[in-house]
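Heads up: the structure comes next, in structure tokens.
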Amino acid sequence: AQSVTQLGSHVSVSEGALVLLRCNYSSSVPPYLFWYVQYPNQGLQLLLKYTTGATLVKGINGFEAEFKKSETSFHLTKPSAHMSDAAEYFCAVSDLRAGGTSYGKLTFGQGTILTVHP
Amino acid sequence: EADIYQTPRYLVIGTGKKITLECSQTMGHDKMYWYQQDPGMELHLIHYSYGVNSTEKGDLSSESTVSRIRTEHFPLTLESARPSHTSQYLCASSESQGFRRTEAFFGQGTRLTVV
């Protein structure tokens, strides 16, 4: 079974400061990993994804994440926070079975609410 | 831009009523999903479908039912709503054919309140 743990349910940063949101996963096969963002009363929007290949992936709005297999981590970073980054962020892992087949089902972490102070 | 739509966005309904939450996508995706999200909590998969006439229950037990008669349409039904069904319901879709695989695209959600 797969699982995702996001460390810190709330993260608060000042505008212009580094954003670091932590995500660790558990998977018995090489994972597909995702970060989604959710604004109040909205659905989820994909920020970035890791499937195969380069372990440092860049996403929208200046976010990036690095897949570290040895640490089973996929932390999300942004060098300089903006007020518009305030939202809830979800890390997710996709089911992926041996042979590369998948139903595309996602297992989510608990979410991290990012607050940005002026 | 993803094209997946949910209606209604907000619904307040009395206990015992039958309700159907609509979800449609125009991307031709074969797979569709329903997730339930309680306030401040993670999303849990309650139903999924990997094609027409196929539906499966997800990881979280739900009293709701789903159908997939057309590729683009994946409605969720509660025969008799109860206050415990109060939650946000998010619909999503994705595509996978062999090793071709897309991420899940989400609708804007339906916030259901049962009074």
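Laid out as a table, the results:
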quantity: Charge tally in the Cβ shell below 12 Å around B:LEU78, where Lys, Arg are +1 and Asp, Glu are -1, B:LEU78 excluded; calculated: +1
quantity: Modelled FRET efficiency - R0 41 Å, B:VAL115 with A:LYS58, Cβ distances, 0.05 increments; calculated: 0.35
quantity: Point-to-point label distance, B:SER84-A:SER84, nm (Cα→Cβ direction, 7 Å offset); calculated: 4.3 nm
quantity: FRET efficiency, B:GLU95 to A:LEU20 (Cβ-Cβ, R0 41 Å, nearest 0.05); calculated: 0.80
quantity: Kirkwood Rh in Å, taken over all unlike Cα pairs in the range B:6-115; calculated: 14.1 Å
quantity: Span from the the range A:41-58 Cα centroid across to the the range B:10-34 one, whole angstrom; calculated: 25 Å
quantity: Unsatisfied cross-links (Cα-Cα over 22 Å) in the set B:LYS18/B:LYS57; B:LYS31/B:LYS57; A:LYS105/B:LYS17; A:LYS49/B:LYS31; calculated: A:LYS105/B:LYS17
quantity: Loop sites in the range A:50-91: trypsin sites (Lys or Arg not before Pro), DSSP, at most 13 other Cβ within 10 Å; calculated: A:LYS69
quantity: Least to most buried among B:ILE13, B:ILE46, B:ILE69 (fewest other Cβ within 10 Å first); calculated: B:ILE69, B:ILE13, B:ILE46
quantity: Separation in nanometres of the label points that stand 7 Å from Cα toward Cβ, at A:ILE113 and A:VAL29; calculated: 3.7 nm
quantity: Pair-distance profile P(r), taking every C-alpha pair of the range A:1-40, with 10 angstrom steps and integer %; calculated: 20, 48, 25, 7
quantity: Share of pairwise Cα separations in chain A, more than 20 Å, in percent; calculated: 38 percent
quantity: Cα gyration tensor, the protein assembly as shown - rounded (a/c under 1.5), prolate or oblate; calculated: oblate
quantity: Calculated FRET efficiency for the pair B:GLU56/B:LEU11, C-beta based, R₀ 30 Å, to 0.05; calculated: 0.75
quantity: Shielding by partners - mean other protein chain Cβ count within 10 Å, residues of B:37-44; calculated: 5
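Here, each number is a calculation from the coordinates, and none is a lab measurement. Because the structure is a prediction, the values reported are computed rather than measured. Cβ atoms come from the backbone with ideal geometry, glycine included; neighbour counts cover every protein chain shown.
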